[in-house]
1. Read through the list (1) buried (at least 23 other Cβ atoms within 10 Å of the Cβ); (2) more than 16 Å from residue 136 (Cα to Cα), then give the number of the only condition that residue 73 fails.
2. Restricting the stretch 108-124 to residues that are of a type in the set (Gly, Ala, Ser) and not in a loop (DSSP other than H, G, I, E, B), which is farthest from residue 79 (Cα to Cα)?
3. Quick check: is even one residue across the stretch 67-74 without any contact (Cβ under 8 Å) to a residue 40 or more places away in the chain, at positive phi and within 22 Å of the chain's Cα centre (by Cα)?
4. Is the stretch 101-123 home to any residue that is within 20 Å of residue 260 (Cβ to Cβ), in contact (Cβ under 8 Å) with a residue 12 or more places away in the chain and of a type outside the set (Lys, Arg)?
5. I'm checking my understanding of the structure. Among residues of the stretch 177-223 that are of a type in the set (Val, Ile, Thr) and under 24 Å from residue 92 (Cα atoms), which one is nearest to the ligand (Cβ to nearest atom)?
6. Mind counting the residues in the stretch 237-288 that are farther than 23 Å from residue 164 by Cα and either away from the ligand (no atom under 16 Å from the Cβ) or part of a helix (DSSP H, G or I) (or both)?
7. Could you give every pair whose Cβ atoms fall below 7 Å, whose first residue belongs to the stretch 286-298 and is touching a residue at least 12 places away in the same chain (Cβ under 8 Å), and whose second residue is of a type in the set (Lys, Arg), counting only separations of at least 6 or pairs across chains?
8. Out of the residues in the stretch 56-77 that are in contact with a strand residue (DSSP E or B) (Cβ under 9 Å, 6 or more places away or on another chain) and modelled with pLDDT of 95 or more, state the one that is farthest from residue 107 (Cα to Cα).
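The values are calculated or read from the model by the stated rules, or taken from the named source; none is laboratory data. Here the structure is a predicted model, which is why all the values come from computation and not from measurement. Here Cβ is always computed from backbone atoms with ideal geometry, including for glycine, and neighbour counts include all displayed protein chains.
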Amino acid sequence: MNEIHLFAPATVANVSCGFDVLGFALDSVGDWMTIRRNNVGELRITKITGQSLPMEILKNVSGVSALALLKAYGGEQGFDIEIEKNIKPGSGIGSSAASSAGAVFGINELLGKPFSKEELVGFAMKGEALAGGTEHADNVTPCIFGGFTLIQSCQPLRVVSLPSPEELYAVVLHPQIEVKTSDARAILKTHVLLKKAVRQSGYLGGFVSGLFMNDYNLIADSLKDEIVEPARSMLIPLFDEVKLAALENGALGCGISGSGPSIFALNRGEKIAGQVAEAMRKVYQKSQIPFDVHLSKVNPQGIKVD
Ligand code: HSE
């Protein structure tokens, strides 16, 4: 195989209760990438459409992630990467993760899968570091593994794939303003009160248990963030109003997607998800800010080869 065409999905990281450790993949929105072998023995980004992003390997997240993989593989392999970028950078739904994960996944396939999915996460984290200054894995992991994923440990990396209850539907409202992950991280306090950390551990444990037990009430009671959301919500216009509208219309929970500005809601069933999407949309129509709303099932597969 000399060429691969793939879909790298958008992802929702943190999922309110699991800052930097929890995430899930969306089905309806993502980037397309084509990766092909070249005979010049060099890694090149040959085309980017949809967004204006650097083509230089060391300035592009897919470039640095792919380089990390090729360095580990050794030899003089050359690849051309083409990106059809649908996910806006700074949107909070894993734009850099999709490019990073897509590049390493595609090259790994063309090389005959020498690396495990967990190793691919490690390479793709280099792209996340370039984009946001931190090697967080909570977007690249669901992008590569699909479904809900938990980073049990970053060093050494240990990924746990979690079940996804059949009736879960996500709604994501994306206000078209940019929030840089590095800025959204810079405003966070470095210390957390023990009693808050205790409550937050309970929510994360409760959410993970809820997924395993198919317990939508437990999921709803656990979709809470006492540590990060209070600090970051001020970066997102109308966040509190959107969250209230989502909850009043039956969402199980609503919070900041990744580092924002996107806002996600998890819902039981497509009908409620549709009502929640409408309610969130109504709130944003009052603002002068352009926005998109996505309704999606949880994507069980992650990256899909065309
Ligand atoms: N966990 C990361 C953060 C996700 O919240 O900073 C960034 O998309």
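1. (1)
2. Of the residues in the stretch 108-124, the ones of a type in the set (Gly, Ala, Ser) are 112, 116, 122, 124.
Checking the rest, the ones that are also not in a loop (DSSP other than H, G, I, E, B) come to 122, 124.
Details: 122: 20, 124: 16 Å.
Result: 122.
3. Taking every residue of the stretch 67-74 in turn, none turns out to be without any contact (Cβ under 8 Å) to a residue 40 or more places away in the chain, at positive phi and within 22 Å of the chain's Cα centre (by Cα).
4. Residues of the stretch 101-123 within 20 Å of residue 260 (Cβ to Cβ): none.
No, there is no match, as no residue in the stretch 101-123 is within 20 Å of residue 260 (Cβ to Cβ), in contact (Cβ under 8 Å) with a residue 12 or more places away in the chain and of a type outside the set (Lys, Arg).
5. Initially, the stretch 177-223 is screened for residues of a type in the set (Val, Ile, Thr), giving 177, 179, 181, 187, 190, 192, 198, 208, 219.
Imposing the further condition that a residue be under 24 Å from residue 92 (Cα atoms) reduces the set to 177, 179, 181, 187, 190, 192, 208, 219.
Values: 177: 15, 179: 10, 181: 5, 187: 11, 190: 14, 192: 15, 208: 17, 219: 20 Å.
Among those that are of a type in the set (Val, Ile, Thr) and under 24 Å from residue 92 (Cα atoms), it is 181.
6. Residues that pass the stated criteria total 20.
7. Between residues of the stretch 286-298 that are touching a residue at least 12 places away in the same chain (Cβ under 8 Å) and residues that are of a type in the set (Lys, Arg), the close pairs are 293/281.
8. Narrowing the stretch 56-77 to residues in contact with a strand residue (DSSP E or B) (Cβ under 9 Å, 6 or more places away or on another chain): 56-57, 60, 62-63, 66-67, 70, 77.
Then keep just the ones that are modelled with pLDDT of 95 or more; that gives 56-57, 60, 62-63, 66-67, 70.
Numbers: 56: 18, 57: 15, 60: 16, 62: 11, 63: 11, 66: 7, 67: 10, 70: 9 Å.
Selected residue: 56.
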